[in-house]
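Structure, as structure tokens:
The values are calculated or read from the model by the stated rules, or taken from the named source; none is laboratory data. Treat the numbers as computed from the prediction; the structure is a model and nothing was measured. So basically every Cβ, Gly included, is an ideal-geometry build from the backbone, and we count neighbours across all protein chains shown.
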Amino acid sequence: MNWIGVPLSLLDNLRMSLHPEQKAVLANIDAQVPVGAALYLLDVNYYGGAQRGVYERAGLIRGDVTMHHARSRGFAAAEPNCCVWSARPVDFASLGRITGLGHGLQRLQRGDNTGTRIHRFLHVRACHTRSAPRRPLRRLS
């Protein structure tokens, strides 16, 4: 490769530091999320959601964890107790008791029964939401 700095191989990447960081996030999720719990990944919108499902399909998140992808704006969990991960700080204090678990992971515990109403809303919304047609990928030359 032609580069004005230190010679690079084809395997070098300017974002390589993200790989060990994400490995630590996934290890923390594995250690901290209880068996059978719900896990919300917030604002995972890399290329319009291309990142969604990647870790699950690769087996990097346990199969007993119920996965949800949501936006942090207006976030409301369907379950009274769940775990929430976000790459950036989000204030969930109004939703219940929050326990920080490290690496962007938090445990949300709500003492009310509003989760049933929220779950029904999310289910109805999901059943009536259509995804936009996907455009074919362009080849880079």
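Going through the stretch 77-89 one residue at a time, which ones are farther than 17 Å from GLN32 by Cβ and either surrounded by 15 or more Cβ atoms within 10 Å (Cβ to Cβ) or within 10 Å of the chain's Cα centre (by Cα) (or both)? Before the answer, list the steps.
Within the stretch 77-89, the first condition is being farther than 17 Å from GLN32 by Cβ, and the residues that meet it are 78, 80, 88-89.
Once the filter is applied, which keeps residues that are farther than 17 Å from GLN32 by Cβ and either surrounded by 15 or more Cβ atoms within 10 Å (Cβ to Cβ) or within 10 Å of the chain's Cα centre (by Cα) (or both), the stretch 77-89 yields ALA78, PRO80.
Anything in the stretch 15-43 that is modelled with pLDDT under 85 and under 10 Å from the mean Cα position of the chain (by Cα)? List them, or say none.
Across the stretch 15-43, there are no qualifying residues.
For the stretch 44-67, check the following and say yes or no: at least one residue is out of contact with any helix residue (DSSP H, G or I) (no Cβ under 9 Å at 6 or more places or on another chain), surrounded by 15 or more Cβ atoms within 10 Å (Cβ to Cβ) and modelled with pLDDT of 90 or more.
So far as the stretch 44-67 goes, no, none of its residues is out of contact with any helix residue (DSSP H, G or I) (no Cβ under 9 Å at 6 or more places or on another chain), surrounded by 15 or more Cβ atoms within 10 Å (Cβ to Cβ) and modelled with pLDDT of 90 or more.
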